[in-house]
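Report on the structure given below.
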Amino acid sequence: MHLQIGLLTEQLAAAERTLERLDITRETMLELAAEDGIEPLEPLPPGYRGKLKRLVDRDILTEPEPGLFTLTPPEADLTRGRIKLK
């Protein structure tokens with residue numbers, strides 16, 4: 001059991017690092033595009049925004065600014081002995 005927890009913790013940390021790099025990459029691309037006068041990326045296809053909003057309602061995603069969706073930071077749930085996404 002402890003081995004599984006360690007493995008899952010490592011996988012979660014790797015996923016968080018990937019998401020952080022993607023967020024930084026997105027911000028950099030938007031800044032560079034703005035400097036060059038390029039329009040922002042195309043909007044999401046119909047229906048996707050609603051799906052993402054439902055994930056925000058379930059505390060799986062957050063929307064720190066309009067149209068930017070990110071995973072909610074993990075939080076230890078000691079009552080159940082597992083990690084949950086807030």
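Here, each number is a calculation from the coordinates, and none is a lab measurement. Note that the structure is predicted; figures quoted are calculated from it, not measured. A quick note on method: Cβ atoms are made from the backbone with ideal geometry, for glycine too, and the neighbour counts reach across all protein chains shown.
What to note about this one:
- Rounded to whole Å, sorted largest first: equivalent-ellipsoid semi-axes of segment 1-41, Cα gyration tensor: 37, 6, 4
- Proxy reagent accessibility, fewest Cβ within 10 Å first, across Arg26, Arg58: Arg58, Arg26
- Shape summary of segment 24-77, radius of gyration then Dmax from alpha carbon positions: 13.7, 45 Å.
- Ranked list, fewest to most other Cβ atoms within 10 Å of each Cβ, for Met1, Met29: Met1, Met29
- Neighbour-count order for Thr62, Thr28, fewest beta carbons within 10 angstrom listed first: Thr28, Thr62
- Using the Cβ of Arg49 as centre and a radius below 13 Å, the other residues enclosed give a net charge of 0, where K and R count +1 and D and E count -1.
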